[in-house]
Each structure stands twice: as structure tokens, then as C-alpha cells.
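Each remark here refers to the structure printed beneath this line.
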Amino acid sequence: MERHEANAYSISDFFIGKLIGEGLFGKVHHAKLKTTLNSNSSLPDHVAIKAMDKLEMMKCKERSQMVMKERRLLTKLTRLGSKHTVQLFMSFVDSQHLYLVQEICIFGTLASIRQQHDRLPIEKIRSYSAQILTGIEFMHHHSIVHCDLKPENIMVANNYAIKIIDFGCAIDLKSANANDEQGIDFAGTADYVSPEVIGGKSSKAIADAMDVTEGGNNENGSLTLTLPHYSSEYAPAIDLWAFGCIIYFLFCAESPFHDKTDHLTLNRIIKYVQQEWYLHLQEREEFVTSFSDNVDLMQTTIDLLEKLLVSQPGDRLGMGDGHYDAIRSHGFYKDVNFSSVHDAKDASDLTQLRPQIQMKVANEEMQDGSELPFDFFA
């Protein structure tokens, strides 16, 4: 879809509906283009609008830069025709807010979908993860590393396709200076952070980087660490580690290293790398029951996870010979046709997924964008 000119629209051109979620400096709402404009527009009838407070952005330079980076990278990926990253149709500003008008994903996040079910069928896990892999490969081919892949940042769109969102932590390798001794600042989520991001830091150093006490939690849900200057070459491996953690999550409904606090989670990752702690997948009932006594398939899945969750980034499956073909050809994806992975809709989706956003909502049940209260997006 073409990218629409920012000056062609304002918030007054939309009806604003249900709150979908909250992001940096603002909120994300379901929105509908007013009928009077719709007949002359190729913009979808329903979109998601992220409204970010300009004043709050100005107070924090680093996070403001994250917002602008997200807009730039989403614009780039949309223009390149990425099928598994959320489309950014346009952006515009007014006196209070910066607005990003994006593709709407009515079925919610993978995290919420997983919570709806005691377990997911193997076929569904294969389908979702195959689409995620396709999205990761597309991003990496265009020198973009997401750096914060997690179930909360992966959504299912109206056509049942996987969509990766939230590029505030992403790295554009073409603009990053790989020779900068300061490295690349990384801000991500503890459960899915890779060992090389933690590095050889001590328990106290990790706590300091997270701005928490050693036994505490990080209130804003993210941490900031610095990658070594040489790691730009291996930066894509950050996403492959998270990819392995996400496959595990789809089976077990939590990340492989999850613990009571972020600090304990990071220490568990360190102990895993040091071989002091193991996944013990065959002891997890929720994992084992997914295979319906198919021991061979269970061992194949364990093999895939062990090859993705490797401490050395260069040794992860997908980083060496064959690159992403090495993952696609793994036995776990034996029956998956990657050439048609974009055609995500199937009968099981129709019965298993419940829309989180109702599209058939009357205008009278939504807020007129031209009559919004001053603090509506606060």
C-alpha cells in the first residue's frame, strides 16, 4: 500500500474508538476514517493511531530519539513491502501530539492469544514461528535488527498474518557505526535478552544497568546495556536468541528463563550459559503434552531450541552456513511451505482466535476526532 501524505489528514478526520494499548509517551487507539473522506482515500477504513505527547518527548531526548527512529524504520519497512511488520500509513502532528497511523491488528498480541488457550497445536506454533522467522529475515536483509522481540511485540492482523511491532529499540546497521568503541545502546526486556547483551557483567553491575536493587524489578519493564563495539557483526543473533525464546513461550506460556524479578531472570540466563541451569523441557508437562506422545517430534523441537539458544552469537542456527535456510530446513519445519507462509488464514484460526477489537462499531459509539477532550490521550 502506498504511504499517504502526512499533511492530507488530521485527528479530526477520524472517529476514535477503543484503547488498544500504551506505548512511549502515549496511547494506541482503534480509529475509523470518516465516511466523507473514505470514498476518496486508499487508507483502510480501520486503523490504529498511536498518539504521543510532544511535551513528554521533549523532556527525554533518548526516548524521543526512539520514537523518531521507530517512525523512520516503519516507514522504510512499509515502503519495502514487508509482510510481517506492521505497516505505517502516515504520521502527522498538531500542537500537542505526534500521531502514527498504523495497520490495525484485531486479534491482539501473541502473549494475549497464548493466554486464551491451555496449549497451542503444533501446527499453529509452526505457522506463527515460520511467519516470525520470515519477518526477521526480511528485517535483517535490510540491515534492521529489532532487539526487543517478544510475544507482546508480535500481533496477529485482520488477515491472520503475524505482524512485528514496536521498533523503538531497533538497530539500523547501515546507520550504526560498527567501529564506535561505545558500541550500541540496547534497551530491551529481561526475559528475551541474549547473553552477549548481558556480557560478563556481575550481579551488581546488571542491577545497576537496570537501575534496580539486586532483588528488585525494573519498573519500566526494560533495561539499557551497551553492546561491545565488535558485536555489530553479530547483532542479528540477538533476534535469533529471542526467536528461540518465543518458540519456547508458544509451548509453555512463559519465557525459558522467566523468574520472579528481572534481575533473577538475567542471572538465570547467565547460569544457563555457564551450564549451571538447564531448560529441562522433557520435565515440563505443558511442553510434553503438546506432542501427543510423538517422541520424535518432541526431540526435534528440543534440538531446534538448543541450536537457537546458544551462548555464542555466531554459533546460533541461522548465523552460520546456510543462514536462515538452516532454520527453514530443520526437521521442526518439515511440513511447512515457507513460500506460502504469508497466506496465514486457515480454518483453525477462525475457531481459535477471538477478535480483541470489534470492527462493526457505530460512529456514535466512538469519539469524534474533532471534539476530543483536551486530555483524551493523557
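Counted by neighbouring Cβ atoms within 10 Å, the residues T189, T75 run from fewest to most as T75, T189.
Summing +1 for each Lys or Arg and -1 for each Asp or Glu, what net charge is found among the other residues whose Cβ lies under 11 Å from the Cβ of S112? That sum, taken over residues with Cβ under 11 Å, equals +1. For C60, C147, C252, the sequence from fewest to most other C-beta atoms within 10 Å is C60, C252, C147. Here the residues T289, T261, ranked from fewest to most Cβ neighbours within 10 Å of their Cβ, fall in the order T289, T261. Which of the residue pairs K50/K360; K34/K360; K50/K76; K174/K271; K174/K307 have a Cα-Cα distance greater than 25 Å in the structure shown? Long pairs (Cα-Cα over 25 Å): K174/K271; K174/K307.
Laboratory data are not the source of any read-out in this text; all were calculated from the coordinates shown. The shown structure was predicted, so the numbers you read here are calculated from the model rather than taken from an experiment. Glycine also receives a Cβ, built like all others from the backbone with ideal geometry; neighbour counts cover every protein chain displayed.
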